[in-house]
Amino acid sequence: MSRRPPPGGVAPHPGARRVPGLRREEVAQLAGVGVDYCIRLERGRTQGVSQAVLEAVARALEGDPEQTLVVYTPEPASPPPGHRLPGRLDEHVHHRAAGPRGDAQAGRLTPRSGSGGLDLGTEPCGRQDDVEQGVERGGVMADIDVHGDADGGTWNWRGGRIREAFLEAAGTVAGLLAEPAVAAAWDKPSALPDFGVGGLAGHLAWQELALPELLAEPEPGEPVVSLREYYLERVTWLDAGVDGAVNVRIRRGGDATAADGHEVLVARVRDTVARLREELPTVRAGRPIRVRSWGDWSLDLDDFLLTRLLELVVHADDLAYSVGLPTPDFPERVTAPVVELLARLAVRRHGTVEVIRGLARTERAPASIAGL
């Protein structure tokens, strides 16, 4: 591959470069797709990968998708009804016979010999969990239908686009926290049991305030768990009840964050949002985040941000309701990932059948399908 690293707009990756060329992380960052999709392409796991994704990868490799994108279609070409063969795109992308691996040039995707996949000509990533977490940057992921693996698959198929949604939500929440109605009700009870308005505002603000400090710490060496494992096996507050020790600790943490009063908290949040708008887009794909009080494990940054996005959207409604304000009108690009995550948590708590009935059949819907 002739493109020389590091390309413009891609942060240098730590560590020595074993071979010339771009790392998968760098291709993914330039293309606006997830690292795991580079791996999927190389392994021939291209079901649901759209033309937009392949064209983006070609552009990242400095190629013209009409002329230099080589797509491998296994033989025989006889897909079952309704199934698109790997690499079978619109007529705009040419299907070409593959050359040897040595033919890989800038902008050219060639079949990996014997694998049924594509050779992107990239150097492997340094961390296996970077690959497995599937970090994506940009907008083309909206065109991908990701069904996940047999064990439930990824719970954050948007990857790096969660950063944009998080920053937008964080700005909206900063505006909510600054409302005079919040200041006026600061010492009053909130809509949540045993949570005052000030403490709830502090808990809401923590979702933003904690991030710069977490990013400033050295990268943790603890294992990175998936978002699915986080919610299904790691968190304890979901089932602890209002008086559970973990939820008491959460409320105390909110009170501590808000201890200096409304005006100070609002100023801190505004400064933090401004800082995150500058810093967050530059953080490398796959960067792990560890909250020490949670345990000896980490989350991928973008998975962590999805958990915080859920907290921002849900608790913004709690706070607004508590002080008599309308709930912030978050756009769909912010609410859609939260709704999807809540649906998964509802299935965790109630089971698939009950959730389907709750969403589709009023005559036999359960009393609740709340995910939290």
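The values are calculated or read from the model by the stated rules, or taken from the named source; none is laboratory data. What you see is a predicted model; the values in this text were computed from it and never measured. Here Cβ is always computed from backbone atoms with ideal geometry, including for glycine, and neighbour counts include all displayed protein chains. The area values use the complete protein model at the heavy-atom level, side chains included, leaving out ligands, DNA and RNA. Shrake-Rupley method; radii C 1.70, N 1.55, O 1.52, S 1.80 Å.
Odds and ends about this structure:
- Within the assembled protein chains, the solvent-accessible surface assigned to I369 is about 40 Å², based on a 1.4 Å probe.
- In this structure, the amide hydrogen of S298, modeled 1.01 Å from its nitrogen in the peptide plane, lies closer than 5 angstrom to those of V224, V225, counting only residues at least 5 positions away or on a different chain.
- The stretch 246-372, relative contact order [Cα under 8 Å, separation at least 6], %: 12 percent
- Interchain or long-range residues, amide H under 5 Å from R23's placed H: E123
- Gyration tensor (alpha-carbon) shape descriptor, the stretch 154-278, a/c threshold 1.5: oblate
- Taken about its Cα centre, the stretch 187-257 carries a charge dipole of about 240 debye when Lys and Arg each add +1 at the Cβ and Asp and Glu each add -1 at the Cβ.
- Loop-located chymotrypsin sites (Phe, Trp or Tyr not before Pro) in the stretch 257-315 (DSSP state other than H, G, I, E, B) with a sparse environment of at most 11 neighbouring Cβ atoms within 10 Å are absent.
- Around the amide H of G160, modelled in the peptide plane, lie the amide H atoms of E136, R137, all under 5 Å away and 5 or more residues distant in sequence or on another chain.
- Across the stretch 322-327, computed HN-Hα scalar couplings (Karplus, 6.51 cos²θ - 1.76 cosθ + 1.60, θ = phi - 60°) run 5, 10, x, 9, x, 4 Hz from first to last residue, x flagging Gly and Pro.
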